[in-house]
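Trainee: Submitted below is the structure of interest, expressed as structure tokens.
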């Protein structure tokens, strides 16, 4: 009696992941599309965001209330130490209380390989990125959506909030991304 065995999976079968290629201050970055809950225009923040003035944390200038949670808006340019730019879009990130200001989206793509970070990434930037990928003969850093604010920075931001100063949820239409 022979037992049927499932067909063998080919070795080296690539695991693919949908990513969003975007720019901040002219520099390309990528993020998993599954980690972006929605994409909004910066204009949709008008009237919904409250300004934050923490001299020790200049990369966060606004907070928006989403239900019971505070959503902190991080300037991508300030976070990565790039020249200031005119952000046009906001990525509302899943599984974190962070939104990211970006200049624009280049395109959606499929990532087939994520390379580990080189040892030259040896400080806080190791938390900023998941790794590197190559697309169209360019090396693109893939950001870690949970790497924009540390637990200590969240605690500092939370402590600075006055509960009644938070405006209601984001107004306007956003573009929901599939899960």
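Trainee: Within segment 29-75, take every residue that is in contact with a helix residue (DSSP H, G or I) (Cβ under 9 Å, 6 or more places away or on another chain) and either without any contact (Cβ under 8 Å) to a residue 12 or more places away in the chain or not in a strand (DSSP E or B) (or both) and give me the one that is nearest to residue 111 (Cα to Cα).
Mentor: Only one residue fits best here, namely 59.
Trainee: Which condition number in (1) exposed (fewer than 13 other Cβ atoms within 10 Å of the Cβ); (2) part of a loop (DSSP other than H, G, I, E, B) is the one that residue 108 fails?
Mentor: (2)
Trainee: One residue is enough: does segment 4-14 have a residue meeting the conditions out of contact with any helix residue (DSSP H, G or I) (no Cβ under 9 Å at 6 or more places or on another chain) and at pLDDT 95 or above?
Mentor: No, segment 4-14 contains no residue that is out of contact with any helix residue (DSSP H, G or I) (no Cβ under 9 Å at 6 or more places or on another chain) and at pLDDT 95 or above.
Trainee: Restricting attention to segment 112-139, which residues are farther than 16 Å from residue 19 by Cβ and outside any helix (DSSP H, G or I)?
Mentor: 116, 117, 118, 119, 120, 121, 122, 123, 124, 137
Trainee: Separate question: Take segment 76-86 and flag every residue that is buried (at least 19 other Cβ atoms within 10 Å of the Cβ) and assigned to a loop (DSSP other than H, G, I, E, B).
Mentor: The one that is buried (at least 19 other Cβ atoms within 10 Å of the Cβ) and assigned to a loop (DSSP other than H, G, I, E, B): 85.
The values are calculated or read from the model by the stated rules, or taken from the named source; none is laboratory data. Here the structure is a predicted model, which means the values were calculated and not measured. Note that each Cβ is placed from the backbone with ideal geometry, even for glycine, and that neighbours are counted across all protein chains shown.
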